[in-house]
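Sending over a structure as structure tokens; questions will come in a sec.
The values are calculated or read from the model by the stated rules, or taken from the named source; none is laboratory data. Please read all numbers here as calculations on a predicted model, not as lab measurements. Here the Cβ positions follow ideal geometry from the backbone for every residue, glycine too, while neighbour counts run over all protein chains shown.
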Amino acid sequence: MLMIPGPTPVPQEVLSELAYPPMGHRSGAFKDIMLAIQPKLQWLFQTQQPVFTYAASATGAMEAALVNTVNPGQTVLVLACGVFSQRWADIAKRLGIEVIEQAVEYGQPNSLSDLDAILSGPDADRIKAVCLIHNETSTGVINPVEAMARLIRQKKPDALIIIDTVTGLGAAPFDFDGWDIDVAVSGSQKGFMLPPGLAFLAVSQRAMQRHAQVANPGFYFNFTDNAKSVGQGQTPWTSATTLCRGLLKSLELMEDDGLDVLHDRHRLNRQITRAAIQAMGLSFLVTDEAAASPSVTSVLKPDGIEVADLRGILSNEFGLTIAAGQKHLKDGIFRIGHLGAIFPRDVFTAISAIEAVLHRLDYNRAPLGAGITAAQQEWTNACRVAITS
């Protein structure tokens, strides 16, 4: 049982599609699949603009976003709140792009006031793009992207807004066109409920115009080549045909649910998890409820418990995989993923196992059963609200 922020579980309907033999990437059958995928991707991103599909990880799409829109020597502002948002800065520096970094303490969302100060300050004129993250799974934070995008557009209307929504898309509201975003990237092994291997990139007309001014936008990820291919039901180079077949099915499943249902389920999973953790006497890395991710919950390690021991027993005894922390939080937190094809029944199972193992490790800050009882009560209350609304 996989309860990490990615890869996430793959539904049986999608696994069945992945079991088919490979098809030719220039065949009519594959063209039909890609033509069917495009409007569904646009629906998920909430855009009328093209969405490219790359045979790559989401990190590849992040590199594509920068190499296609910013020249070496130009400057981007990176808003960092964890490991993955920091990756924007790491990629930019490798590409010879100048970086202004605004970082916050792990467990905090990026600050609108800090962003306002930078965009009003002496370096504002140099900023060609602002790179930020929708949902930071290394810490369990979700950023107020709509408000941030609005502020950027007010203060710096010509700057590109480039978003990592790798673990936000499908789990929380995201409106590419409505929020006036320029580039947004995501990956298959998260809310898309697929194995790793595909990356997605939505691109605005403003970003395409900036792309035309870039001296060396690279080869494999080149926006021009991908823009020509997408309307023809193709990719410029060899496609991950089997994954794309599974992608069509996963998008169909998401469409059948609808965005509101998807977002509500992730929000409920978060609330169930947080209710249980609090009842067990544990503490959160993210204390601000409004900034708590719908995709993953980060829990501070209690005194006397080693994260490696907790994770090891959960894996060996229950077949349950949860995540450790990253970087300096590696041994300080554990993370419970509830992204993609995760439902309240899965959260109940995970909470029961985590609670039992903690007590086996002599954690006794709350009575055994307090966590699962709180989770059940939270679910019951949510159901009552849904019935009466």
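Test each condition in (1) under 23 Å from VAL104 (Cα atoms); (2) surrounded by fewer than 21 Cβ atoms within 10 Å (Cβ to Cβ) for VAL299 and report the one that comes out false.
(2)
So, LEU77, is that one buried (at least 20 other Cβ atoms within 10 Å of the Cβ), in contact with a helix residue (DSSP H, G or I) (Cβ under 7 Å, 6 or more places away or on another chain) and not in a strand (DSSP E or B) or not? Quick ask: steps written out before the conclusion?
On the way: buried (at least 20 other Cβ atoms within 10 Å of the Cβ): yes; in contact with a helix residue (DSSP H, G or I) (Cβ under 7 Å, 6 or more places away or on another chain): yes; not in a strand (DSSP E or B): no.
Considered against the rule, which asks whether it is buried (at least 20 other Cβ atoms within 10 Å of the Cβ), in contact with a helix residue (DSSP H, G or I) (Cβ under 7 Å, 6 or more places away or on another chain) and not in a strand (DSSP E or B), LEU77 comes out as no.
From the list ALA353, ALA382, ALA324, exactly one residue is touching a residue at least 40 places away in the same chain (Cβ under 8 Å) and buried (at least 16 other Cβ atoms within 10 Å of the Cβ). Which is it?
After applying the criteria, what remains is ALA382.
Do we have SER111 as farther than 19 Å from VAL183 by Cα, without any contact (Cβ under 8 Å) to a residue 12 or more places away in the chain, surrounded by fewer than 20 Cβ atoms within 10 Å (Cβ to Cβ) and in the same structural domain as ASN226 (by TED's automatic domain parsing) here?
yes
On to the next question. Can you give me the number of residues within the range 19-30 that are loosely packed, with under 15 Cβ neighbours inside 10 Å and either part of a helix (DSSP H, G or I) or among the hydroxyl-bearing types (Ser, Thr, Tyr) (or both)?
Here the count works out to 4.
Does VAL214 qualify as being assigned to a loop (DSSP other than H, G, I, E, B) and of a type in the set (A, V, I, L, M, F, W, C)?
Judged against the criteria, VAL214 is a match.
Which of the residues belonging to the range 170-188 are at positive phi and either among the aliphatic types (A, V, I, L, M) or within 11 Å of the chain's Cα centre (by Cα) (or both)?
GLY170
While we're on this one: What pairs come out if I take residues in the range 256-277 that are under 12 Å from PHE348 (Cα atoms) and in the same structural domain as THR167 (by TED's automatic domain parsing) and pair them with residues that are small (Gly, Ala, Ser) and part of a helix (DSSP H, G or I) whose C-beta lies under 6 Å away, six or more apart or interchain?
Filtered contacts from the range 256-277: no entries.
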